[in-house]
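Trainee: My questions will all concern the structure given below.
Values quoted throughout were computed directly from the atomic coordinates according to the rules given, and no laboratory measurement underlies them. Given the structure is predicted, the values throughout are model-derived calculations rather than measurements. Glycine gets a Cβ as well: all are built from the backbone with ideal geometry, and neighbour counts include every protein chain shown.
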Amino acid sequence: QVQLVESGGGLVQAGGSLRLSCAASGSIFSIKVMGWYRQAPGNQRELVARITGEESTYYAASVKGRFTISRDNAKNTVYLRMDSLKPDATAVYYCNADVKVRASDMSINYWGQGTQVTVSS
């Protein structure tokens, strides 16, 4: 069993910064891709950023240049540094990871429980 636990959400004023963390625990052989998604009320869940094991990154156009994704492979942890936050960033942020439990296994996709980010104007 694999668990993803997010932390670091909260309330911040527009223009401020937050850093989200997501730690994966359990029976883990490797994690290929880790990412952050968000879902605002009434909207579909959308990809914010993702990072591969080789630290290749992708960002949604709406956050490029303001958000930074990074990971610590030794700790199975992914981070999302969010700067110059805008009110439209208000959402529940979810961690996502493709995890191999054993070397011979296919990767299984896991989700965290989500952490609320609220940006006030």
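Trainee: Can you spot the lysines whose alpha carbon is less than 16 Å from LYS100's alpha carbon? Ignore those fewer than 8 places along the same chain.
Mentor: LYS32, LYS75
Trainee: Whole angstrom only: what separates the Cα centroid of region 70-105 from the Cα centroid of region 22-64?
Mentor: That distance is 5 Å.
Trainee: If I take all pairs of Cα atoms in region 75-121, what percentage of them are more than 13 Å from each other?
Mentor: In whole percent, the long-distance tail amounts to 68.
Trainee: Moving to a separate point now. For region 55-102, what D do you get in µm² per second when you plug the Kirkwood radius from alpha-carbon pairs into Stokes-Einstein at 20 °C and 1.002 mPa s?
Mentor: 170
Trainee: Which order do the peptides 89-95, 103-109 come out in when sorted by mean C-beta neighbours inside 10 angstrom, highest first?
Mentor: 89-95, 103-109
Trainee: Under unit Cβ charges (Lys, Arg +1; Asp, Glu -1), what dipole magnitude, rounded to 20 debye, does the chain have relative to its Cα centre?
Mentor: 60
Trainee: Hey, another quick one. Calculate, in whole percent, how much of the Cα-Cα pair population of the chain lies beyond 24 Å.
Mentor: 23
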